[in-house]
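The values are calculated or read from the model by the stated rules, or taken from the named source; none is laboratory data. Computed from a predicted model, the values in this text were never measured in an experiment. So basically every Cβ, Gly included, is an ideal-geometry build from the backbone, and we count neighbours across all protein chains shown.
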(Lines give C-alpha, C1' and ligand atoms only; values in the text may rest on other atoms or scores of the structure.)
Protein backbone atom coordinates (compact mmCIF):
# COMPACT_ATOMS: atom_id res chain seq x y z
CA UNK A 1 0.00 0.00 0.00
CA UNK A 2 1.35 3.50 -0.78
CA UNK A 3 2.75 5.47 2.12
CA UNK A 4 0.50 7.87 4.04
CA UNK A 5 2.29 11.01 2.81
CA UNK A 6 1.27 10.12 -0.75
CA UNK A 7 -2.35 9.61 0.29
CA UNK A 8 -2.36 12.83 2.29
CA UNK A 9 -0.87 14.79 -0.60
CA UNK A 10 -3.38 13.32 -3.04
CA UNK A 11 -6.33 14.01 -0.76
CA UNK A 12 -5.06 17.55 -0.07
CA UNK A 13 -4.96 18.22 -3.78
CA UNK A 14 -8.47 16.88 -4.28
CA UNK A 15 -9.80 18.93 -1.37
CA UNK A 16 -8.37 22.16 -2.78
CA UNK A 17 -10.58 21.63 -5.79
CA UNK A 18 -13.66 21.83 -3.61
CA UNK A 19 -15.07 25.31 -2.89
CA UNK A 20 -16.21 24.47 0.65
CA UNK A 21 -15.95 25.90 4.15
CA UNK A 22 -12.94 24.87 6.25
CA UNK A 23 -14.85 22.48 8.54
CA UNK A 24 -16.51 20.84 5.56
CA UNK A 25 -13.11 20.68 3.88
CA UNK A 26 -11.68 18.70 6.83
CA UNK A 27 -14.59 16.28 6.74
CA UNK A 28 -14.25 15.82 3.00
CA UNK A 29 -10.47 15.38 3.35
CA UNK A 30 -10.99 12.59 5.89
CA UNK A 31 -13.56 10.86 3.69
CA UNK A 32 -11.32 11.16 0.63
CA UNK A 33 -8.34 9.72 2.54
CA UNK A 34 -10.45 6.82 3.80
CA UNK A 35 -11.79 6.12 0.32
CA UNK A 36 -8.31 6.25 -1.20
CA UNK A 37 -6.91 3.92 1.48
CA UNK A 38 -9.69 1.42 0.82
CA UNK A 39 -9.19 1.65 -2.94
CA UNK A 40 -5.42 1.21 -2.72
CA UNK A 41 -5.65 -1.63 -0.21
CA UNK A 42 -7.95 -3.54 -2.56
CA UNK A 43 -5.24 -3.30 -5.23
CA UNK A 44 -2.85 -5.30 -3.02
CA UNK A 45 0.03 -2.89 -3.61
CA UNK A 46 3.42 -3.12 -1.93
CA UNK A 47 4.61 -0.50 0.49
CA UNK A 48 7.83 1.31 -0.36
CA UNK A 49 9.60 -0.62 2.39
CA UNK A 50 8.37 -3.95 1.00
CA UNK A 51 9.44 -2.94 -2.51
CA UNK A 52 12.90 -1.86 -1.31
CA UNK A 53 13.27 -5.13 0.58
CA UNK A 54 12.42 -7.11 -2.55
CA UNK A 55 14.93 -5.09 -4.58
CA UNK A 56 17.66 -5.91 -2.04
CA UNK A 57 16.73 -9.59 -2.09
CA UNK A 58 16.87 -9.66 -5.87
CA UNK A 59 20.25 -7.91 -5.88
CA UNK A 60 21.63 -10.50 -3.44
CA UNK A 61 20.20 -13.30 -5.57
CA UNK A 62 21.76 -11.81 -8.70
CA UNK A 63 25.18 -11.64 -7.02
CA UNK A 64 24.86 -15.23 -5.82
CA UNK A 65 23.90 -16.41 -9.30
CA UNK A 66 26.96 -14.66 -10.74
CA UNK A 67 29.16 -16.33 -8.10
CA UNK A 68 27.70 -19.73 -8.94
CA UNK A 69 28.12 -19.15 -12.68
CA UNK A 70 31.78 -18.31 -12.10
CA UNK A 71 32.21 -21.41 -9.93
CA UNK A 72 30.63 -23.60 -12.59
CA UNK A 73 32.89 -22.11 -15.26
CA UNK A 74 35.95 -22.79 -13.07
CA UNK A 75 34.85 -26.36 -12.40
CA UNK A 76 34.27 -26.93 -16.11
CA UNK A 77 37.84 -25.73 -16.81
CA UNK A 78 39.18 -28.14 -14.20
CA UNK A 79 37.19 -31.01 -15.72
CA UNK A 80 38.48 -30.13 -19.19
CA UNK A 81 42.06 -30.14 -17.86
CA UNK A 82 41.54 -33.54 -16.27
CA UNK A 83 40.03 -34.90 -19.48
CA UNK A 84 42.89 -33.61 -21.64
CA UNK A 85 45.60 -34.97 -19.31
CA UNK A 86 43.90 -38.37 -19.09
CA UNK A 87 43.45 -38.68 -22.85
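Between 30, 53, the distinction of being modelled with pLDDT of 95 or more and either surrounded by 12 or more Cβ atoms within 10 Å (Cβ to Cβ) or outside any helix (DSSP H, G or I) (or both) belongs to 53 only.
Yes or no, residue by residue, for (1) loosely packed, with under 10 Cβ neighbours inside 10 Å; (2) within 30 Å of the chain's Cα centre (by Cα); (3) over 27 Å from residue 4 (Cα atoms):
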position: 26; (1), (2), (3): no, no, no
position: 35; (1), (2), (3): no, yes, no
position: 41; (1), (2), (3): no, yes, no
position: 48; (1), (2), (3): no, yes, no
position: 65; (1), (2), (3): no, yes, yes
position: 83; (1), (2), (3): yes, no, yes
